[in-house]
Amino acid sequence: MQRALTGIKPTGDVHLGNYLGMIRPALALQEKYEAYYFIADYHALTSVFDREKLRAHTLETAATWMALGLDPERTILFRQSSIPEVCELAWILTCQVSMGQLERMGAYKQARDRGGDINAGIFNYPSLMAADILLYDSHVVPVGADQKQHVELCRDMAIKVNHRFGEGTLVVPEVSIQPDVATIVGLDGQKMSKSYNNVIPLWLPPKKLRKLVMKIVTDSKGVDEVKDPDTCNVYSLYKLFATPEQTAALRERYLVPGMGYGHAKEELFQVVNATLEEPRERYHEWMAHPERLEEVLAEGARRARSAADVVLERVRDRVGLI
Ligand code: TYM
């Protein structure tokens, strides 16, 4: 069975962008692939400098996966740091990538352009990410568009390693990005991202969720004006939660006078809330039982390790470390 692998950084509240762009598509792959989904706590160390926060966000992220339907019998859920050998592979890969390639990464350039001190972890981030993917012989990597460049660099590293040390040393993975959810917009119409402060967290209580939905920026067209659904942030989220019939009905209302954006936002709140209602309850149940989450993570780590050992031994042998 081919393998799917992806990760998420435990750096704050999981948001609708993570859910629509990666978690939902990744969960849909569970049946067709042997899935390795992990919490990228080593990556979070580039920006979280608080032990309690890192621990809390790690458990919240695990609870999020479980609440949204990860099947632990089938899918392997684990902490990245449970398999510290990933750092060894990251080092081996760091020696196969040029400074120039790392300097061209958009995420690094953005961090640099924001100014201030950038730690070397941010610069080397793509080597560790490539190690995550390659350590498990992953075939497909479901992510949002913002991670595409990193997965492509990972492919380049795998190809280079195979060229230098022999074909078959590493599996060259494919990126999987669903075009309709590649970049989910946030409250202000930019990409939804913790760094832009425009996110809608997944597990807000309904009242707060509604309040935030009401803050989504629209143009200033009045009730009596015809509106363009295809450029509207509210509609673009609505269609990802609503049924095709609901979507068609709301579209109709945009195209004739008589509907205000407040109404569209109310409709959006209703479909988002209906989708998240049951998972929210499950989320809080999991959060009330961290020991159960730890059990799932421990079993995941055990299974991840047996896959990782095989690959790392092969790589160590090929590069001359054994
Ligand atoms: P992270 O934690 O920033 O985001 C987790 C996933 O959510 C997707 N995403 C979005 N998709 C669509 N629209 C958005 N607005 C949006 N915001 C976030 C991201 O694309 C991502 O798929 N580097 C990764 C974590 C990672 C990883 C890996 C992923 C570490 N190692 C190996 C894949 C394979 C990250 O920071 O994701």
Inset, instruction - Can you tell me which residue within segment 16-54, out of those that are outside any helix (DSSP H, G or I) and among the small types (Gly, Ala, Ser), is nearest to the chain's Cα centre (by Cα)? - result: Ala40
Legend entry - One residue from Val223, Val185, Val199 being aliphatic (A, V, I, L, M) and farther than 26 Å from Pro142 by Cβ: Val223
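Yes/no matrix, rows are residues, columns are (1) more than 30 Å from Thr61 (Cβ to Cβ); (2) hydroxyl-bearing (Ser, Thr, Tyr):
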position	(1), (2)
Leu250	yes, no
Gly260	yes, no
His263	yes, no
Val271	no, no
Tyr283	no, yes
Pro290	no, no
Inset, instruction - Give just the number: which of (1) in the same structural domain as Lys208 (by TED's automatic domain parsing); (2) surrounded by 18 or more Cβ atoms within 10 Å (Cβ to Cβ) does Leu297 not satisfy? - result: (1)
Legend entry - Neighbours by Cβ (under 7 Å, 6+ apart or cross-chain): first from segment 72-96, under 16 Å from Ser138 (Cα atoms); second of a type in the set (D, E, K, R) and within 14 Å of the ligand (Cβ to nearest atom): Gln80/Asp41; Gln80/Asp132; Val86/Asp132
Legend entry - Evaluation of Leu312 against (1) touching a Ser or Thr at 6+ places or on another chain (Cβ under 8 Å); (2) not assigned by TED's automatic domain parsing to the domain that holds Asp228 (one fails), failing number: (1)
Legend entry - Of residues in segment 144-166 being crowded, with 18+ Cβ neighbours inside 10 Å and more than 9 Å from the ligand (Cβ to nearest atom), the one farthest from the chain's Cα centre (by Cα): Phe165
Inset, instruction - Among residues belonging to segment 192-209 that are under 15 Å from the mean Cα position of the chain (by Cα) and more than 24 Å from Ala274 (Cβ to Cβ), point out the one that is nearest to the ligand (Cβ to nearest atom). - result: Ser193
Legend entry - Candidate set: segment 130-151, residues that are among the small types (Gly, Ala, Ser), in contact with a Lys or Arg (Cβ under 9 Å, 6 or more places away or on another chain) and part of a helix (DSSP H, G or I); chosen: the one nearest to Phe38 (Cα to Cα): Ala130
Legend entry - Residue that is surrounded by fewer than 15 Cβ atoms within 10 Å (Cβ to Cβ), of a type in the set (A, V, I, L, M) and within 16 Å of the ligand (Cβ to nearest atom), where the choices are Ile118, Ile133, Ile83, Ile76: Ile118
Inset, instruction - Quickly run through segment 167-191 and pick out the residues that are near the ligand (Cβ under 10 Å from one of its atoms) and touching a Leu at 6+ places or on another chain (Cβ under 6 Å). - result: Val181, Ile184
Inset, instruction - Filter segment 4-15 down to residues that are buried (at least 20 other Cβ atoms within 10 Å of the Cβ) and more than 12 Å from the chain's Cα centre (by Cα), then give me how many there are. - result: 1
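The values are calculated or read from the model by the stated rules, or taken from the named source; none is laboratory data. Computed from a prediction, not measured in an experiment: that's the story for all the values here. No Cβ is skipped: glycine too gets one built from the backbone with ideal geometry, and neighbour counts run over all protein chains shown.
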